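J.: Below you will find the structure I want to go over with you.
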Amino acid sequence: MKLSRQDLTHAETQGVLQAGQADALWQFLTQANPDDHAQFRFAHVLYYLGGAIAIAAMSLFMTVGYATWGPVSLTVFAVAYGFLAWRLGVWFLESKQLRIPAGILLTLTIVLVPLAVYGVEAAMGHWDDGGQYSDFHVWIDWRWLIMELATLVAAAVMLWRYRLPFMTMPVAVTLWYMSMDVAAWIAMGLANSDDYSSYFASVWDLRKFVSLGFGLLMLVLALVIDLRTRMLKQDYAFWLYLFGLLAFWGALSAMDSGSQFGKLIYCGINLGLIFVGAVLSRRAFAVFGGLGVAGYLGYLAYDVFEDSLLFAFTLSLIGLAIVFAGVWWNKHGAALGSRWRRRISPQLAELIEARQA
């Protein structure tokens with residue numbers, strides 16, 4: 001539930017609050033920890049915009065610096081800049097009590113870890129045959145794994161020490177990248193086929209399955225973190241949910257269902273994502289699930305039931321039925337949901353109630 005200034009005024013007129021208390025309470029609510037939550041404020045937009053520019057600039061600058069000064073200088077600059085970002089982040093957090101800019105700067109420190117590791121690898125000659133750091137965000141290559149593991153270790157240490165939600169973003173991105181690079185590493189070990197067309201087809205299928213599994217594991221990890229931090233104000237699971245869905249749903253959508261039944265299962269899984277999103281109060285699940293269902297309905301409309309008046313009529317009835325189901329759920333869903341969530345898991349019930357509040 002969101003509280004507005006009008007709600008307090010109404011409470012004052014009804015005698016719930018004494019005269020003059022609405023203004024005092026509203027001032028207290030708006031000024032208490034104004035920087036503690038990532039709400040849509042202009043200052044917060046500047047925080048994130050500046051952080052994104054700094055991260056992008058360092059990636060570009062370090063790549064140019066590698067070409068100009070070599071790998072050793074690249075590592076020195078990455079470590080020095082990371083140290084500066086760390087000190088500024090700690091200063092914002094401990095001296096100014098500004099958690100959002102502190103989280104962005106400490107995240108920048110984590111983002112610079114793979115850059116420093118890349119410089120060390122390049123100095124040791126592991127990239128003499130090509131592969132620039134700018135390719136890290138573009139190309140899939142098993143040699144990125146050391147950089148990814150180092151990033152995860154650094155992120156784990158930083159999260160253990162500072163516990164700022166935005167710092168989970170590089171963890172989620174790194175796990176997503178790792179899902180693809182692990183598939184490439186496994187495929188390299190299986191590269192013994194003379195039939196290159198079938199080989200590349202099998203590698204592509206392997207990557208999809210690995211990405212699917214990694215995404216599912218990331219979603220489970222996000223749920224565990226969500227449950228364990230359910231009583232905290234900070235959202236530590238958001239980025240893991242987002243990139244877990246990217247890995248899982250992207251791989252699932254790239255798979256060839258092969259039959260009408262397989263495509264129906266795909267639609268069912270996406271409906272399940274929408275349901276999970278409703279249960280967990282996570283809109284990202286509903287967005288990905290909605291895209292999947294829309295894609296399946298588009299397939300039916302343009303491939304299976306092309307120019308079919310009966311299908312259009314049936315689909316419209318289904319849409320209306322869903323609308324009426326939403327109306328019914330709006331009236332009875334809260335009580336029913338609370339009842340069965342308590343039976344399934346008290347921790348899950350606490351999580352959903354905290355999320356809805």
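J.: Can you find even one residue in segment 124-145 that is under 28 Å from Trp249 (Cβ atoms) and either polar (S, T, N, Q) or at pLDDT 90 or above (or both)?
T.: Yes, because at least one residue in segment 124-145 is under 28 Å from Trp249 (Cβ atoms) and either polar (S, T, N, Q) or at pLDDT 90 or above (or both).
J.: Considering only segment 232-256, state which residues are part of a helix (DSSP H, G or I), crowded, with 18+ Cβ neighbours inside 10 Å and among the hydrophobic types (A, V, I, L, M, F, W, C).
T.: Phe238, Trp239, Leu240, Leu242, Phe243, Leu245, Leu246, Ala247, Phe248, Trp249, Ala251, Leu252 - these are the residues of segment 232-256 that are part of a helix (DSSP H, G or I), crowded, with 18+ Cβ neighbours inside 10 Å and among the hydrophobic types (A, V, I, L, M, F, W, C).
J.: Restricting the first residue to segment 18-29 and requiring it to be under 13 Å from Asp7 (Cβ atoms) and surrounded by 10 or more Cβ atoms within 10 Å (Cβ to Cβ), which pairs with a second residue that is modelled with pLDDT under 70 and among the basic types (Lys, Arg) meet a Cβ separation below 8 Å and a spacing of at least six or different chains?
T.: Sorted first by the residue in segment 18-29, then by its partner, the pairs are Ala22/Arg5; Trp26/Arg5.
J.: Just give me the residues in segment 218-234 being β-branched (Val, Ile, Thr) and under 14 Å from Glu350 (Cβ atoms), in sequence order.
T.: Thr229
J.: List every residue pair whose Cβ atoms sit under 9 Å apart, with the two residues 6 or more apart in sequence or on different chains, where the first one lies in segment 112-136 and is over 20 Å from Ser179 (Cα atoms) and the second, anywhere, is modelled with pLDDT under 85 and of a type in the set (Lys, Arg).
T.: Short answer, once both residue conditions are applied: Glu121/Arg143; His126/Arg143; Trp127/Arg143.
J.: Still on this structure, please answer the following. Check off (1) of a type in the set (S, T, N, Q); (2) surrounded by fewer than 18 Cβ atoms within 10 Å (Cβ to Cβ); (3) at pLDDT 75 or above; (4) under 25 Å from Tyr177 (Cα atoms) for Ser259 and give me the number that stays unchecked.
T.: (4)
J.: Please determine whether any residue of segment 230-241 is modelled with pLDDT of 90 or more, of a type outside the set (D, E, K, R) and touching a helix residue (DSSP H, G or I) at 6+ places or on another chain (Cβ under 6 Å).
T.: Within segment 230-241 (the criterion being modelled with pLDDT of 90 or more, of a type outside the set (D, E, K, R) and touching a helix residue (DSSP H, G or I) at 6+ places or on another chain (Cβ under 6 Å)), the answer is yes, since at least one residue qualifies.
J.: Still on this model: Closer than 30 Å to Leu212 by Cα, among the basic types (Lys, Arg) and at pLDDT 65 or above: which single residue out of Arg282, Arg342 fits that description?
T.: Only one candidate qualifies: Arg282.
J.: Would you point out which residue out of Leu291, Leu273 is among the aliphatic types (A, V, I, L, M), buried (at least 18 other Cβ atoms within 10 Å of the Cβ) and under 22 Å from Ala172 (Cα atoms)?
T.: The conditions single out Leu273.
The values are calculated or read from the model by the stated rules, or taken from the named source; none is laboratory data. Remember, it's a predicted structure, so these values are computed and weren't measured experimentally. Please note: Cβ atoms are built from the backbone with ideal geometry, for glycine as well, and neighbour counts cover all protein chains shown.
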